[in-house]
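Reviewing the structure listed below.
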Amino acid sequence: MAAGGRARLAMLVAVGGLGFMGLALPSLSLAGPASATPAQARVTVRFVAPERYTDADDRYGSGPALRGTLAEIRRIIEASALRVMGPDDTLVVDVLDIDRAGFVRPDLNIPSGLRVVSDVTPPAIRLRYDLRRGKRRIASGEERLTDINFLFGARGAAATGSFGYEEDLLRRWARERLSARDGASAPGPRPQ
């Protein structure tokens, strides 16, 4: 982020208004003094019923537990959105389901299992979002993000860690849906 352009992150992990596992969690603000910039982009990520997600919890010890998965998905959404949002924008994202790329094979790498990724197991994330510029809604919707061709970018995704495919999916979504454009009624891809 550019100096003087610190973004305020409002993070809240919520399950129907309550925090993870029914505990209320405070929002965390990472910002400089209030006078640092007059307008700051903000992102709020909420996880709706994460215990029911298709593939977010590590049932076999081969990857991060549910809390770790949620923390990483939150980090990816916030970073991807803040990269393309305008300074007056506010984004609220409700994550409704996570189905990570691949599947866990408990019979491999006993006793912890191993996540096997193939072209028939693409990542999928279902979310609902509301993007506002000031008080005006500029984009909103509910989408199921997936990419059946996710392995074409396998070298880059694999190099970014265990959430590389999900990160690629969410970065592309943020570029296509949330990019700030002056004078536009709805965001779109930024020219490069």
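Laboratory data are not the source of any read-out in this text; all were calculated from the coordinates shown. Note that the structure is predicted; figures quoted are calculated from it, not measured. Glycine also receives a Cβ, built like all others from the backbone with ideal geometry; neighbour counts cover every protein chain displayed.
Descriptive notes on the structure:
- Amide H contacts of Ser179 (H built 1.01 Å from N, in plane; Pro and chain starts excluded): Gly188 sit under 5 Å, all sequence-distant by 5 or more or on other chains.
- Interchain or long-range residues, amide H under 5 Å from Val43's placed H: Ala10, Leu91
- For the range 45-57, 3J(HN,Hα) computed residue by residue from phi via the Karplus equation (6.51, -1.76, 1.60; θ = phi - 60°) reads 10, 10, 10, 8, 6, x, 5, 9, 4, 4, 8, 10, 9 Hz, glycine and proline entered as x.
- Neighbour net charge for Asp97 - beta-carbon separation under 10 angstrom, K R +1, D E -1: +1
- Highest average packing first - 85-95, 165-175, 127-137, Cβ atoms within 10 Å: 165-175, 85-95, 127-137
- Placed amide H near Asp55: partners under 5 Å, 5+ positions off or other chain: Ile98, Asp99, Arg100
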